[in-house]
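Asks: Quick one: structure below, then a few questions.
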Amino acid sequence: MEIKEVAEQNTLMIRLITPASRLSDVMGEAYGELGAYMGRKGIQFAGPPYAMYYNMDMEALDVEMGFPTVGKESGEGRIKTGRIPGGKVASALHAGPYAKLEETYRKLMEYVNEKGVQVYEEWMYEFYLNSPMEVPPEELQTEIRFILM
């Protein structure tokens, strides 16, 4: 776990409200739609897929899913332009199944409290550094970031 400075990143994204129980299906659809759009338009990926969470309401999760892009691109339909904010973040690498992400979130929040820094609202985001379609669940790697004030 660490506190680090990150650069702002342009993105293409889809933001929606979904029950947490449907999150994996919704994410699969969104990343597929975004990847197909970026491929058709020849848009370069500038990093792994991410999800930004704007609340923790498990019945109505407000989530943005997207890909960082090299330049500022234009969207179409429900695909919008966005950005991952730059600045200080508290970061942790989770290794293992997504079902156990909560453990790393808890440890990261403990770390933030120990360091005496404040997180910005409820916003947090995850970068998916590899894919469940390519590695077994125990080898998944997810970087969790809390935006700091």
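The values are calculated or read from the model by the stated rules, or taken from the named source; none is laboratory data. Note that the structure is predicted; figures quoted are calculated from it, not measured. Cβ atoms come from the backbone with ideal geometry, glycine included; neighbour counts cover every protein chain shown.
Asks: Of the residues that make up segment 96-107, is at least one over 24 Å from Ser24 (Cα atoms) and touching a strand residue (DSSP E or B) at 6+ places or on another chain (Cβ under 7 Å)?
Replies: No, segment 96-107 contains no residue that is over 24 Å from Ser24 (Cα atoms) and touching a strand residue (DSSP E or B) at 6+ places or on another chain (Cβ under 7 Å).
Asks: Of the residues that sit in segment 120-149 and are of a type in the set (A, V, I, L, M, F, W, C) and in a loop (DSSP other than H, G, I, E, B), which one is surrounded by the fewest Cβ atoms within 10 Å (Cβ to Cβ)?
Replies: Here the residue is Met133.
Asks: Can you go through Val63, Val117 and tell me which one is in contact (Cβ under 8 Å) with a residue 40 or more places away in the chain and assigned to a strand (DSSP E or B)?
Replies: After ruling out the rest, the residue left standing is Val63.
The rows are residues; the columns are (1) within 23 Å of Arg106 (Cβ to Cβ); (2) surrounded by fewer than 11 Cβ atoms within 10 Å (Cβ to Cβ); (3) within 17 Å of the chain's Cα centre (by Cα); (4) at pLDDT 95 or above.
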{"residue": "Ile14", "(1), (2), (3), (4)": "no, no, yes, yes"}
{"residue": "Ala20", "(1), (2), (3), (4)": "yes, no, yes, no"}
{"residue": "Ala30", "(1), (2), (3), (4)": "no, no, yes, yes"}
{"residue": "Leu34", "(1), (2), (3), (4)": "no, no, yes, yes"}
{"residue": "Gly66", "(1), (2), (3), (4)": "no, no, yes, yes"}
{"residue": "Gly71", "(1), (2), (3), (4)": "no, yes, no, no"}
{"residue": "Ser74", "(1), (2), (3), (4)": "no, yes, no, no"}
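Asks: Okay, moving on. For Leu93, indicate whether it is farther than 18 Å from Ser131 by Cα, part of a strand (DSSP E or B) and aliphatic (A, V, I, L, M).
Replies: Answer is no for this residue.
Asks: Go through segment 13-44 and give me each residue that's within 23 Å of Tyr98 (Cβ to Cβ), out of contact with any helix residue (DSSP H, G or I) (no Cβ under 6 Å at 6 or more places or on another chain), among the aliphatic types (A, V, I, L, M) and not in a helix (DSSP H, G or I).
Replies: Of everything in segment 13-44, those that are within 23 Å of Tyr98 (Cβ to Cβ), out of contact with any helix residue (DSSP H, G or I) (no Cβ under 6 Å at 6 or more places or on another chain), among the aliphatic types (A, V, I, L, M) and not in a helix (DSSP H, G or I) turn out to be Met13, Leu16, Ile17.
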